[in-house]
Amino acid sequence: MGLKAWAAKAWNYAWRRGFWRRLAFILLAFVVLWTGAMYGVAQWYIHKHKNQPLVLGASFVSDYASSFGLDPKQTLNAMLGDLKLKQVRLVSYWEDIEPSAGKYDFSGLDWQFAMANKYHAKVSLSIGLRQPRWPECHSPSWALIDPKNEGNWRPQLNKFIEAVVMHYKNNPALQDYELENEYFLKVFGECSDFSRARLIDEYNLVKDMDPSHKLIVSRSDNWVGIPIGQPRPDEFAISVYKRVWDATFTHRYFEYPLPAWFYAMLAGSEELLSGKDMIIHELQAEPWTPNGLYITQTSVKEQFKSMDAKRMKHRIEYGEATGMRTIDLWGAEWWYWLKVKQGDPSVWNVVKDAVAKADAQNQKLTAN
């Protein structure tokens with residue numbers, strides 16, 4: 001049977017056999033065309049950015065390191081000194097810096113900036129009410145967050161943000177700010193206010209105070225929608241989580257089947273629409289434990305069901321395959337705990353090798 005005859009037969013089968021078959025054919029054609037278009041956007045984005053340096057960094061939360069029984073200073077020193085990370089994402093929790101109204105204590109964050117300067121590492125500073133790690137919104141006990149009564153706490157929050165920006169905007173380690181971590185993600189965290197007007201107000205506040213540093217706004221991970229509303233940041237950020245515990249239906253570990261090009265499509269679509277690039281500000285690189293347990297409440301064997309050295313290697317390769325050239329890994333405190341408390345440096349060494357490989361590739365780009 002020739003190609004023309006085969007095409008005619010296929011057309012007759014798909015189009016002339018009733019309404020539902022025609023509808024199914026139309027839907028299938030739409031899916032194929034849409035997927036092809038999105039794949040094309042992804043490949044355009046990957047190709048456009050492939051010759052840019054790859055920055056592998058990591059988030060660091062002093063309180064989280066302490067929860068593992070680690071010395072936070074030793075942990076960050078090892079991240080910057082041994083892993084040789086050139087970028088670190090730090091937090092400025094409101095509850096830690098302003099435990100009493102109007103009284104600021106920056107000492108806990110100052111030593112982290114000092115260490116970043118010591119190792120010539122750049123800092124991406126999280127600011128605002130909602131910042132990384134549970135419960136997400138880190139307000140002091142004296143600030144009663146009530147969306148219906150913003151006049152009681154919004155002015156205090158703005159003053160706090162102003163104090164943080166003024167304290168660090170001239171620090172040589174500061175590279176950019178990340179404002180209100182995953183602000184509109186309502187299904188995770190103990191947060192009650194999701195006012196877009198507040199986010200816009202905070203964005204304008206920071207840009208007015210410090211126009212010289214990049215201001216990043218993050219989105220959640222696997223949603224298909226493209227952020228097109230205000231504020232329009234200097235750069236977008238996205239979190240990427242692959243293997244999680246499904247506590248709702250299967251009560252098993254679940255691996256998102258999304259290919260890396262899906263995230264390249266999100267980044268490329270955003271760049272085409274707004275002209276703004278996107279980074280990965282959280283690439284899952286620690287276990288997602290079952291039933292809401294803390295990592296230290298589970299065995300290492302259980303932890304390795306969702307993240308181990310082999311998965312870590314694949315996860316970093318997956319992040320690089322998205323085409324985004326700045327990737328902050330999530331879970332450095334756990335890698336260090338495994339190394340110094342459990343005597344297992346396997347995950348730590350995977351990251352160390354990946355950073356060294358990225359540095360070598362970047363040197364070649366610079367030489368060319």
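Coordinate-derived values only; no laboratory data. Keep in mind that this is a model prediction, so the values were computed, not measured. Note that each Cβ is placed from the backbone with ideal geometry, even for glycine, and that neighbours are counted across all protein chains shown.
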Shape of the range 266-368, Cα gyration tensor, a/c cut at 1.5
oblate
Subset of Lys48/Lys122; Lys310/Lys357; Lys86/Lys352; Lys84/Lys118; Lys84/Lys214 violating a 20 Å alpha-carbon distance limit
Lys48/Lys122; Lys84/Lys214
Dimensionless Rg ratio for the chain, taking C-alpha atoms and the 2.2 N^0.38 Å reference
1.11
Under the classification rounded if a/c is under 1.5, otherwise prolate if a/b is larger than b/c and oblate if not, where does the range 141-228 fall, given a ≥ b ≥ c as square roots of the Cα gyration tensor eigenvalues?
oblate
So in the chain, what percent of DSSP beta bridges are antiparallel if you round to the nearest 5?
15 percent
Per GNM of the chain with C-alpha springs under 10 angstrom, the most fluctuating residue out of Tyr177, Tyr39, Tyr256 is Tyr256
Give the residue list of chymotrypsin sites (Phe, Trp or Tyr not before Pro) in the range 282-368 that are DSSP loop and have at most 14 other beta-carbon atoms within 10 angstrom.
Tyr294
